[in-house]
Structure formats: C-alpha cells, structure tokens
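Participant: Pasting a structure below so you can have a look.
Derivation of every value follows stated rules applied to the coordinates shown; laboratory data play no part. Here the structure is a predicted model, which means the values were calculated and not measured. Cβ placement follows ideal geometry from the backbone for every residue including glycine, while neighbour counts extend to all protein chains displayed.
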Amino acid sequence: MSHSIETITVLGAGTMGRGIAHVAALSGYNAKLNDVSREVLDKARRAIERNLDKGVSLGKVDAADAEAALERLTLHDDLADAVADTDLVIEAVPEDIRLKLETFGKIEELAPERALFATNTSGLSVTEIAASTKRADRFAGMHFFNPVHIMKLVELVRGLETSSETLERMAQVAHAMGKTVVTVNESPGFVTSRINAMIGNEAFRMLQEGVASPEDIDAALKLGLNHPMGPFEMVDLVGLDIRLSILRYLHQTLGEAYRPSRLLVQYVQAGRLGKKVGRGVYDYDDEGRRIPRG
C-alpha cells in the first residue's frame, strides 16, 4: 500500500522553489525548503510571509491558515536533513541539466525509499533526469508556473518509465494545492514552454527588425489575442537567461524554428536578465515596479 504524502521537500529556494514551498505549506503539507545558502533561505521565508500577508489583506487567505502554513514551513541548508523522512521531493534548482543530474544523484542515497521524486524543469528531459536515480518509475515532471501561489496550472510530465500510480499520486498533490493538472507525455518543452518560447522568440525578432516597440508588441498580444501578459512582460518575469536556455535546448532538439533571436542573446550578454535584476526588456525599481521609459 502506498505511503500517504504528508511531507514535501523542495530543493532550491529561488523564485520557483519558494513558491512551491508556499503552496505546499498552505495546502496542509509539512514543507521543507532546502538551499545551500542560508541567506537565500531567509530571503525566501520573508517573501513567503509577504505573499501570505497580501493574501490575508485581500481576503483570499484566512489569517489562521497563513499562520499555520508558516508553522509547517521549515528551512534547511543541509541536504541530508532536508530529504530525511520525506514523502515527495520536488527539485527546483536552476535549469541546468548537469546540476539537476548531480542533485538527484546525491538525494537518491539520502531520501527514504518510499519518496517520490519530481523535477520542476520547464522543458528538459524528465527521462534523462530520472535515469540519475534508481527510481525512474517513481519520478515525473511537475512543472509549476510563476508566481506559483497565483498561477493555477501544473504540467504533469510522464517520463519513459514513470508509473501510472506515480502520476496519480502527484496529481493528487497538485489538486490539493488548488492546481489544475494537464498530463503530458515527455517531449521537449512539453506544451507550454514549447509554444511560449516560440511566441517570445518571435517577439524579439520583431523588436530586432524594428516592427514595433516592446510596449506596442505587448499591447497587441494582450488586447488583440487576449493574452494576460505581453511576451516581453512575460520574459522579464521568467528571466531572459532562463528563456534563452530553454530556446537553446529546443533549438537543439526541435530544429531551426527555435534558434534564439540574436537580440535576446545580446540582452543576456549585457546582463539584462529581467525583473530579478531590475533590467530586462524594461527597467524596474527596487520594489519591482516598471519604470516608464522617457
């Protein structure tokens, strides 16, 4: 009989990791958030506290539930401690295949035999990452979206050896977090990253060609195609470096249609990585608000 999932360990306390830990704790799970940096962990907890406080102020989260969520959230800078006695490990380290393989290679020896493994990759091979462990049948992709506490979708990705039971149990977790689940058979970029990367890359090509300004391209897609965010607003939120990494992988696996725009490459080379550094396609102040261009 399968062990019930009560404790979830999230590896990586960046934007995605802390968001996953937030929704896990708020959904009633014991949430263990791990990172090598205590400073990053402390920053993550402050961000989770701010988001919960905002949810309370907007009437979307009960104050008692927010307090209980923070009590269920623990921070761990020791990997062995983080994965001990856990039921599900969700990896959210940077989108680097070597780092992900190394991470799962380590936790395979540290996590309980019962623990399921998931990767939050935006488009890398779940099968390849799973092969770094001895539990490929208990391994799947759980692709959350930023900001995790607001976005409703989880792409549940089946690797070559992922069992149906594993998919069912991970879907139950996602549903408990209030998410809608779509199940995808592994393919480069899955559904969302494959389409979104192409749209964003074409937007950069149009900007490079002088077709229109970033503001007008964003407005055109929002008002003309009913997209909730424009492609440049989206890439600034996601991170230009992350988008470039995804495009390079899709270019390698799916062909010329995904060759990264030269302008996107230049922006990343210039350090314009998006909202997280205050400069992307647009500029931002210290509070993350967009600075109007003069």
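Participant: Which value, in debye to the nearest 20, gives the size of the charge dipole of the chain about its Cα centre, when Lys and Arg are +1 and Asp and Glu are -1 at the Cβ? It would help to have the intermediate numbers written out before the result.
Facilitator: Working: 35 positive and 42 negative charges, 142 e Å.
Dipole of the chain, to the nearest 20 debye: 680 debye.
Participant: Then there's this: How about segment 73-178: which trypsin sites (Lys or Arg not before Pro) there lie in a loop by DSSP and see at most 16 other Cβ atoms within 10 Å?
Facilitator: In loop regions of segment 73-178 (DSSP not H, G, I, E or B), the sparsely surrounded trypsin sites (Lys or Arg not before Pro) are Arg114, Lys134, Lys152.
Participant: Need the list of lysines near Lys179 for cross-linking: C-alpha distance under 28 angstrom, and skip anything on the same chain fewer than eight residues off.
Facilitator: In chain and number order, the partners are Lys32, Lys43, Lys54, Lys60, Lys100, Lys152, Lys222, Lys275, Lys276.
Participant: Mean separation of Cα pairs under 8 Å and 6+ residues apart, divided by the residue count of the chain: what relative contact order is that in percent? Before the final figure, lay out each step's value.
Facilitator: Values: 515 pairs, mean separation 37.7, N = 294.
After rounding, I find 13 percent.
Participant: Projected area of segment 85-206, taken from the Cα convex hull and averaged over every viewing direction, in nm²?
Facilitator: 7.7 nm²
Participant: For the chain, what does the equivalent ellipsoid look like in terms of its semi-axes, each the square root of 5 times an eigenvalue of the Cα gyration tensor, given largest first in whole Å?
Facilitator: Over the Cα atoms of the chain, the ellipsoid semi-axes are 32, 23, 17 Å.
Participant: Another one. Angle, helix 192-209 long axis vs. longest principal axis of the chain, Cα atoms, 0 to 90°, nearest 10?
Facilitator: 20 degrees
Participant: Could you list which residues have their amide H under 5 Å from that of Leu73, counting only those 5 or more apart in sequence or on another chain, with H placed in the peptide plane?
Facilitator: Result for Leu73 returns Ala31.
Participant: Using 7 Å Cα-to-Cβ label points, what is the Glu202/Asp77 separation (nm, one decimal)?
Facilitator: Label-label distance for Glu202 and Asp77, simple model: 4.7 nm.
Participant: Something else about it: How would Asp77, Asp42 line up from fewest to most surrounding beta-carbon atoms within 10 angstrom?
Facilitator: With the sparsest Cβ surroundings first, the list reads Asp42, Asp77.
Participant: Now for a separate question. Could you tell me the extents of segment 1-156's C-alpha atoms along the three principal axes, largest first, rounded to whole Å?
Facilitator: 45, 33, 30
Participant: Only four residue types carry charge here, +1 at the Cβ of Lys and Arg and -1 at the Cβ of Asp and Glu. Report the dipole size of segment 103-186 about the Cα centre in Debye, rounded to the nearest 20.
Facilitator: Working: 9 positive and 10 negative charges, 53 e Å.
The calculation lands at about 260 debye.
Participant: Set the Förster distance to 35 Å, then compute FRET efficiency between Leu160 and Leu225 from the Cβ-Cβ distance, nearest 0.05.
Facilitator: Between Leu160 and Leu225 the formula returns 0.50.
Participant: Measuring from centroid to centroid over Cα atoms, what is the spacing of segment 165-244 and segment 1-64 in Å?
Facilitator: Cα centres, segment 165-244 to segment 1-64: 23 Å.
Participant: I would also like to ask the following. Using a 10 angstrom cutoff on alpha carbons, build the Gaussian network for the chain and name the most mobile of Gly210, Gly17, Gly278.
Facilitator: Checking each option, the largest mean-square fluctuation is seen for Gly210.
Participant: Pick out, in residue order, every one of the trypsin sites (Lys or Arg not before Pro) in segment 1-95 that is DSSP loop and has at most 14 other C-beta atoms within 10 Å; say none if there are none.
Facilitator: Within segment 1-95, the qualifying trypsin sites (Lys or Arg not before Pro) (loop, at most 14 other Cβ atoms within 10 Å) are Lys60.
Participant: Looking at the chain, what % of its DSSP beta bridges pair antiparallel, to the nearest 5?
Facilitator: Details: 7 of 33 bridges.
Once the DSSP bridges in the chain are tallied, antiparallel ones form about 20 percent.
Participant: Apply the a/c threshold of 1.5 to the C-alpha gyration tensor of segment 192-291 and tell me whether it is rounded, prolate or oblate.
Facilitator: It is oblate, given that a/c is not under 1.5 and a/b is not larger than b/c.
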